[in-house]
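Just below is one structure, and these are the notes that go with it.
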Amino acid sequence: LKIHPYNIVTLNHVGNLYKQKEDYEEAMKYYQKATEISVKYEAAQLNKAEIYVQQKNWGEAMRSLLIVSIDSKNEKYLGLLPVVLQQLAGQQGNDRRYPVISDYVRARNPKTANDYLRAYFDYRRSIL
């Protein structure tokens, strides 16, 4: 990092090392720095979302997931997204930072992870 302090891949890897040690606060610093340099860096956004999910911070997890392309085939993305959507759709009065997405998904009455994904992707495509 001293030689290349703006290398987003290296920053993400250092964050992963801290995440493996369960030092999520320190890991988040590296992921945050990587996404400040390149906001669309998918790996760091997904790592941030993963930590937010562990912390049950659904709004911030959604914020990171919204940055990832809806065309992404990343398994972590496809795994985290339905978990976050289910939580947001179920929180009618709590975390309402994403009411349009939550209401859209809830209206489709999803039952499975694939139902949540389909509702989300339908929503995202409808606003493009």
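Assorted remarks:
- Across the accessible surface of segment 38-122, with the other protein chains kept in place and a 1.4 Å probe, carbon and sulfur atoms take up 48 percent.
- FRET efficiency, K29 to V83 (Cβ-Cβ, R0 22 Å, nearest 0.05): 0.35
- The relative contact order of the chain comes to 16 percent, based on Cα pairs under 8 Å that sit 6 or more residues apart.
- Extension gain (nm, one decimal) between I127 and K73, 0.36 nm per residue minus Cα-Cα: 17.4 nm
- Against the criterion of solvent-accessible heavy-atom surface with a 1.4 angstrom probe, K76, K19, K56, K48 sort, most first, into K56, K76, K19, K48.
- All lysines inside 27 Å of K19 as judged from Cα atoms, apart from same-chain residues fewer than 8 positions distant: K2, K29, K33, K40, K48, K56, K73, K76
- Springs between Cα atoms under 10 Å define the GNM used for the chain, and in it the highest mean-square fluctuation of A49, A27, A61 occurs at A27.
The values are calculated or read from the model by the stated rules, or taken from the named source; none is laboratory data. Just so it is clear, the structure is predicted and the values come from calculations on it, not from any experiment. Here the Cβ is made from the backbone with ideal geometry for all residues, glycine too, and neighbour counts use every protein chain on show. All accessible areas refer to the heavy atoms of the entire protein, side chains included, with ligands and DNA or RNA removed. Shrake-Rupley method; radii C 1.70, N 1.55, O 1.52, S 1.80 Å.
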